[in-house]
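Asks: Provided herewith is a single structure, encoded as structure tokens, for subsequent inquiry.
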Amino acid sequence: MNIISYSIFIDNYNYWKFFPTLIRAHFSLYSEWQFFLYHDKNIDHSFYGKTLLKLNQAGLIHCKLIDKEEPLCRCMLRRMLPIWDKNVDYFMSRDVDSLPTGRERLAVEDYLNSGLSFHVINDHPEHGTPILGGLFGTKAKDFIELTGIKTLNEFTSMLDEIYTPDEWAKKCCDQFMLANVVWPKVKNNTLAHY
């Protein structure tokens, strides 16, 4: 199974407003990939929440409730959970406020045909880190083998040694860990699109 995974843990219309187009784009460009959305209880009150839950009930997308209240960055990392699912072949992490494009799909196909274990798209001048939290992909089993990280809890425990609870609440701390822990272990087995 191949999964594109998203997370939304904030009741902010600037993120929610993309969902109708995001879902259409997903089914246009990635129809054979599963759409996973990790979310908190705010989905019930969000603008498109009821529609997303109906799509989930119909089996078109997979909404995954994370009931535990945690700081923003820790919640964002939840979208990585499929990496440790033994049924997952390929995993892609994406942001809900960035729509998939044909160019991105071609980059993913290039990656899938490369035989490499890891994929990053880092094609904008503002992308100042080797792995963006919402623009990377991996063969799930290879991620575990290359990094030695056996669970998401193990990954977040490493971050607990670095971050205070206040720092967890800031955006981008996940990218620090991806850049400093994951990147050194995967960079020689990565297809990077710049």
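Asks: Give me the net charge of Asn56's neighbourhood, meaning all other residues with Cβ under 12 Å from the Cβ of Asn56; Lys, Arg count +1, Asp, Glu -1.
Replies: Overall, the nearby charge balance is +3.
Asks: Right, next: Determine the sum of side-chain charges near Asp110: Lys and Arg each +1, Asp and Glu each -1, restricted to other residues whose C-beta is under 14 angstrom from that of Asp110. Could the numbers behind the result be given before it?
Replies: Working: positive: Arg103, Arg105; negative: Glu104, Glu109, Asp123.
With Lys, Arg at +1 and Asp, Glu at -1, the neighbours total -1.
Asks: Convert 10 °C to kelvin, take the viscosity as 1.306 mPa s, use the Kirkwood radius over C-alpha pairs of the range 1-123 as Rh, and evaluate the Stokes-Einstein diffusion coefficient in µm²/s, rounded to a whole number.
Replies: Numbers: Rh = 15.0 Å.
D = 106 µm²/s.
Asks: Quick one: compute a quarter of the convex hull surface over the Cα atoms of the range 36-186 and quote it in nm².
Replies: 9.9
Asks: While we're on this one: On a full-extension model of 0.36 nm per residue, what is the gain between Cys172 and Lys141, subtracting their alpha-carbon distance, rounded to one decimal in nm? Don't skip to the end; give the middle numbers.
Replies: On the way: separation 31, 0.36 × 31 = 11.16 nm, distance 2.49 nm.
8.7 nm is the gain from fully extending Cys172 to Lys141.
Asks: Counting Lys +1, Arg +1, Asp -1, Glu -1, what net charge surrounds Thr101 among other residues with beta carbon under 15 Å of its beta carbon? Don't jump to the answer; show the numbers that get you there.
Replies: Numbers: positive: Arg24, Arg94, Arg103, Arg105; negative: Asp95, Asp97, Glu104, Glu109, Asp110, Asp123.
Within the 15 Å Cβ shell, the charges total -2.
Asks: Translational diffusion coefficient, Stokes-Einstein: compute it for the range 79-151 using the Kirkwood radius over C-alpha pairs as Rh, at 37 °C and 0.692 mPa s, and state it as an integer in µm² s⁻¹.
Replies: After rounding, the answer is 253 µm²/s.
Asks: Express the relative contact order of the chain as a whole percentage, based on alpha carbon pairs under 8 Å and six or more residues apart in sequence. Don't jump to the answer; show the numbers that get you there.
Replies: Working: 309 pairs, mean separation 50.2, N = 194.
Reported as a whole number, the value is 26 percent.
Asks: When the accessible area of the range 118-164 is split by element with a 1.4 Å probe, what percent falls to carbon and sulfur? All intermediate terms of the calculation are to be shown ahead of the outcome.
Replies: Values: 1130 of 2120 Å².
Using a 1.4 Å probe with all protein chains present, the range 118-164 comes out at 53 percent carbon and sulfur.
Asks: Right, another one. My understanding is that a pair violates if its Cα-Cα distance is over 27 Å; which of Lys150/Lys187; Lys54/Lys139; Lys17/Lys68; Lys68/Lys185; Lys64/Lys86; Lys141/Lys187 do that in this structure? The partial results should precede the final answer.
Replies: Values: Lys150/Lys187 19 Å; Lys54/Lys139 30 Å; Lys17/Lys68 24 Å; Lys68/Lys185 30 Å; Lys64/Lys86 17 Å; Lys141/Lys187 16 Å.
Pairs exceeding 27 Å: Lys54/Lys139; Lys68/Lys185.
Asks: For the range 104-192, which trypsin sites (Lys or Arg not before Pro) pass both filters: DSSP loop (anything but H, G, I, E, B) and at most 14 other C-beta atoms within 10 Å? Walk me through the numbers on the way to the answer.
Replies: Values: sites: Arg105, Lys139, Lys141, Lys150, Lys170, Lys171, Lys185, Lys187; in loops: Lys150, Lys170, Lys171.
Counting only loop positions with at most 14 other Cβ atoms within 10 Å, the trypsin sites (Lys or Arg not before Pro) in the range 104-192 are Lys150, Lys170, Lys171.
Asks: What accessible area per residue, rounded to a whole number of Å², is obtained for the chain using a probe radius of 1.4 Å? Please report the intermediate quantities before stating the final value.
Replies: Values: 9660 Å² over 194 residues.
About 50 Å² of surface per residue is accessible.
Asks: Next up: Share of Cα-Cα pairs in the range 138-183 beyond 18 Å, in percent? Please list the in-between numbers first.
Replies: Numbers: 286 of 1035 pairs.
Of all Cα-Cα distances in the range 138-183, 28 percent exceed 18 Å.
Asks: Same structure again: Treating the Cα atoms of the range 113-194 as identical point scatterers in vacuum, please give the log10 of the normalised Debye intensity I(q)/I(0) at q = 0.12, 0.13, 0.14, 0.22 Å⁻¹, two decimals.
Replies: -0.35, -0.42, -0.48, -1.09
Asks: Let me ask something else. So how far, in whole Å, is the C-alpha centre of the range 122-194 from the one of the range 8-24?
Replies: Result: 23 Å between the Cα centres.
Asks: Tell me the relative contact order for the range 89-194 as a rounded percent, counting alpha carbon contacts under 8 Å between residues six or more apart.
Replies: Details: 113 pairs, mean separation 43.0, N = 106.
It comes to 41 percent, rounded to a whole number.
The values are calculated or read from the model by the stated rules, or taken from the named source; none is laboratory data. Predicted, not measured: the structure shown is a model, and the values here were computed from it. Using ideal geometry, Cβ is built from the backbone for each residue, glycine included, and neighbour counts are taken over all protein chains shown. Side chains are part of the model used for accessible areas, which takes the heavy atoms of the whole protein and leaves out ligands, DNA and RNA. Shrake-Rupley method; radii C 1.70, N 1.55, O 1.52, S 1.80 Å.
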